[in-house]
Amino acid sequence: MVPWTAGQTAMVELNGVCKTFGKSMVLSGITLRVMPREVVVLIGPSGSGKSTLLRCMNALETPEQGEVYIDGVVLTGNGEKATGRAAVASPGAALHRMRAEIGMVFQQFNLFPHMSVIENIMLAPVRVRGLTREQARRKGVALLGKVGLEDKSHALPSSLSGGQMQRVAIARALAMEPKLMLFDEPTSALDPEMVGEVLNVMNELAEEGMTMVVVTHEIGFAREVGDRIVFMEQGRIVEEGTPAQLLEAPREERTRSFLSKVL
Ligand code: ADP
Ligand code: MG
């Protein structure tokens with residue numbers, strides 16, 4: 001059952017993750033594995049804990065209980081004690097190194113407004129990876145080609161459409177050569193006509209074998225691109241399965257009820 005005994009280490013593994021804010025328990029014992037090259041789509045009502053779960057996967061949030069492993073190394077939690085596996089705790093430098101391997105794309109693009117597109121993309125590879133500016137520029141230009149924005153290198157973010165900004169944000173994340181990409185409602189802030197161009201880039205990324213965890217309400221994308229869909233409610237995983245299984249034949253009434261509102 002456990003992936004590492006089957007010879008393959010999960011890219012993301014959460015064991016009994018619990019997270020509270022004040023008195024409210026936002027994640028109530030989440031156990032989930034994402035295998036390399038897998039695309040897992042998280043769906044669920046607003047406030048069900050999807051963003052918090054995603055943020056636990058790159059240590060933007062620290063769970064009070066449970067462990068998070070990335071590619072077999074503990075990111076947060078007391079892994080060694082809990083599982084007996086040799087787990088390097090990840091304070092300071094080690095944590096930074098791990099986070100550098102995890103790309104995250106948010107609903108709000110979070111580009112630096114005073115920097116050109118190419119400078120936005122070059123920043124982290126130069127500062128964190130130690131690339132020369134020339135190396136980072138070459139990589140950035142190639143990535144802009146990949147997301148269909150080769151002509152926007154010197155544009156300021158404010159001159160771009162939302163769909164273009166989100167594609168830049170994806171290129172910026174990819175510039176770090178992440179082994180895992182997390183997307184938190186990447187198309188929710190976009191005008192409808194721009195949703196497709198962003199989903200297309202994500203689709204290509206998935207086809208290239210990127211491991212992805214995607215929070216989205218785009219059920220079409222979940223069906224076409226997702227290997228697995230996870231339905232969350234009130235900080236718990238209610239049900240998970242292949243898109244065909246979860247969308248066409250959900251086992252749980254709560255899943256059916258949610259799907260009837262979004263489909
Ligand atoms: P979702 O992404 O599914 O809409 P979230 O993970 O954003 O859900 O939030 C789950 C719950 O946790 C919500 O009730 C939200 O108000 C609460 N929450 C999220 N982040 C914080 C925070 N930093 N402080 C306090 N409460 C929070
Ligand atoms: Mg959210």
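The values are calculated or read from the model by the stated rules, or taken from the named source; none is laboratory data. Model, not experiment: these values are computed from the prediction. We place every Cβ from the backbone using ideal geometry, glycine too, and count neighbours over all the protein chains shown.
When you scan region 110-129, do you find a residue that is loosely packed, with under 13 Cβ neighbours inside 10 Å and modelled with pLDDT under 90, even just one? Before the answer, list the steps.
From region 110-129, those loosely packed, with under 13 Cβ neighbours inside 10 Å are 112-114, 127; that's our starting set.
Still in the running and modelled with pLDDT under 90: none.
Scanning region 110-129, I find no residue that is loosely packed, with under 13 Cβ neighbours inside 10 Å and modelled with pLDDT under 90, so the answer is no.
Beta carbons closer than 8 Å, at least 6 apart along the sequence or on distinct chains, pair a first residue in region 42-65 that is within 14 Å of His217 (Cα to Cα) with a second that is within 7 Å of ligand 1 (Cβ to nearest atom) and among the basic types (Lys, Arg) for Leu42/Lys50; Ile43/Lys50; Gly44/Lys50. Checked across region 184-198, the condition of being surrounded by 21 or more Cβ atoms within 10 Å (Cβ to Cβ), aliphatic (A, V, I, L, M) and touching a strand residue (DSSP E or B) at 6+ places or on another chain (Cβ under 8 Å) holds for no residue.
With respect to the conditions (1) surrounded by fewer than 17 Cβ atoms within 10 Å (Cβ to Cβ); (2) within 16 Å of ligand 1 (Cβ to nearest atom); (3) at pLDDT 95 or above, Glu239 falls short on a single one, namely (1).
Being hydroxyl-bearing (Ser, Thr, Tyr) and touching a strand residue (DSSP E or B) at 6+ places or on another chain (Cβ under 8 Å) is the filter here; which residues of region 141-167 pass it? Those that are hydroxyl-bearing (Ser, Thr, Tyr) and touching a strand residue (DSSP E or B) at 6+ places or on another chain (Cβ under 8 Å): none in region 141-167.
Restricting attention to region 161-184, the residues that are in a strand (DSSP E or B) and either within 17 Å of Val117 (Cα to Cα) or within 16 Å of ligand 2 (Cβ to nearest atom) (or both) total 3.
The combined condition, being modelled with pLDDT under 95 and more than 17 Å from the chain's Cα centre (by Cα), is not fulfilled by Gly66. Selection of region 23-62 for residues being modelled with pLDDT of 95 or more, in a loop (DSSP other than H, G, I, E, B) and more than 17 Å from the chain's Cα centre (by Cα) yields Pro45, Ser46, Gly47.
Residues in region 185-228 that are within 16 Å of ligand 2 (Cβ to nearest atom), under 10 Å from Val41 (Cα atoms) and either of a type outside the set (A, V, I, L, M) or assigned to a loop (DSSP other than H, G, I, E, B) (or both): 3 in all.
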